[in-house]
Amino acid sequence: MLVGTVEHQNLTPYLRKIADDLYPKVDPAFMPHFQEYIGLLGNIPKHCETFFPYYFSIWFDNKLGPRITELARLAIAQGTQCQLCQAVRYTDEVDEKDISAIPGVDGSTLNDKERAVVRFATAFGNNHHAITEEHFAELKNYFSDEQITELLMWSAMALGLGRILKVTQLVSESCPLPEPSAVAWTQSRKAA
């Protein structure tokens, strides 16, 4: 980690609550990294208090719905190979079969609408120069201009925060996501 972090007990009450709410959604194998991420944000508590209401709103209170939002986030995460982003699940509406369909964008668990989002988010996260009018024409088959704008803003948030994790070396360049742990963890969450 290239930037110092704030220990959990020294976080502001606001950030401690966010951490405590999010920690159960993190694969335990990646909890130390996620704690460092929250600790990094602990350096700027005032900004977090203005940022997180927007961030959570564009994430959880949009017109895309939780499944589409999560598929977009995970498509970006697979492209950037941010292990921490890949290790977190925020909705049970997306399972490991869906996630394994993302790289090829042709999985039987995804419908045409979801494939359009994954294609767009993958390009947004990997090579935004490759996004064409065809991407937007495809999105317009399923989404309003408002929803597409939400997708743009959400994609920018997911990509930007994932990049922060990479450039601060909070996640490794070479350590792959421990898939068996993620699968077991996801299955245990569904059973609970």
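Considered as a group, the residues in the range 121-131 that are within 14 Å of the chain's Cα centre (by Cα) and not hydrophobic (A, V, I, L, M, F, W, C) include one that is least open to solvent (accessible area, probe 1.4 Å), and that residue is GLY125.
Please go through the range 142-154 and pick out each residue that is in contact (Cβ under 8 Å) with a residue 60 or more places away in the chain and either surrounded by fewer than 18 Cβ atoms within 10 Å (Cβ to Cβ) or in a helix (DSSP H, G or I) (or both). Working first, answer last.
Filtering the range 142-154 for residues in contact (Cβ under 8 Å) with a residue 60 or more places away in the chain gives 143-144, 146-147, 150-151, 153-154.
Correct list: SER144, GLU146, GLN147, GLU150, LEU151, MET153, TRP154.
Cβ separations smaller than 8 Å between residues 6+ apart or across chains give the following pairs from the range 155-171 residues that are within 16 Å of PHE51 (Cβ to Cβ) to residues that are of a type in the set (Ser, Thr, Tyr): MET157/TYR55; LEU159/THR80; GLY162/THR80; ARG163/THR80; LEU165/TYR37.
Of the residues that sit in the range 63-72 and are in contact (Cβ under 8 Å) with a residue 40 or more places away in the chain and open to solvent by 20 Å² or more (accessible area, probe 1.4 Å), which one is nearest to the chain's Cα centre (by Cα)?
For the range 63-72, the residue satisfying everything is ARG67.
So for the range 44-54 (the condition being within 27 Å of ALA116 (Cα to Cα) and either out of contact with any Ser or Thr (no Cβ under 9 Å at 6 or more places or on another chain) or outside any loop (DSSP other than H, G, I, E, B) (or both)), does at least one residue qualify?
Residues of the range 44-54 that are within 27 Å of ALA116 (Cα to Cα), as a first pass: 54.
Pick out the ones that are also either out of contact with any Ser or Thr (no Cβ under 9 Å at 6 or more places or on another chain) or outside any loop (DSSP other than H, G, I, E, B) (or both) and you get 54.
Yes, the range 44-54 has at least one match.
Here LEU15, LEU40 are screened, and the one residue that is at pLDDT 75 or above and either crowded, with 20+ Cβ neighbours inside 10 Å or closer than 19 Å to SER155 by Cβ (or both) is LEU15.
Inspection of the range 112-120 identifies at least one residue that is part of a helix (DSSP H, G or I), open to solvent by less than 10 Å² (accessible area, probe 1.4 Å), free of Cβ contacts under 8 Å to residues at least 40 places away in the same chain and of a type in the set (Gly, Ala, Ser).
The values are calculated or read from the model by the stated rules, or taken from the named source; none is laboratory data. Nothing here was measured: the structure is a model prediction, and the numbers come from that model. All Cβ positions, even for glycine, are placed from backbone atoms using ideal geometry, and neighbour counts span all protein chains on display. Side chains are part of the model used for accessible areas, which takes the heavy atoms of the whole protein and leaves out ligands, DNA and RNA. Shrake-Rupley method; radii C 1.70, N 1.55, O 1.52, S 1.80 Å.
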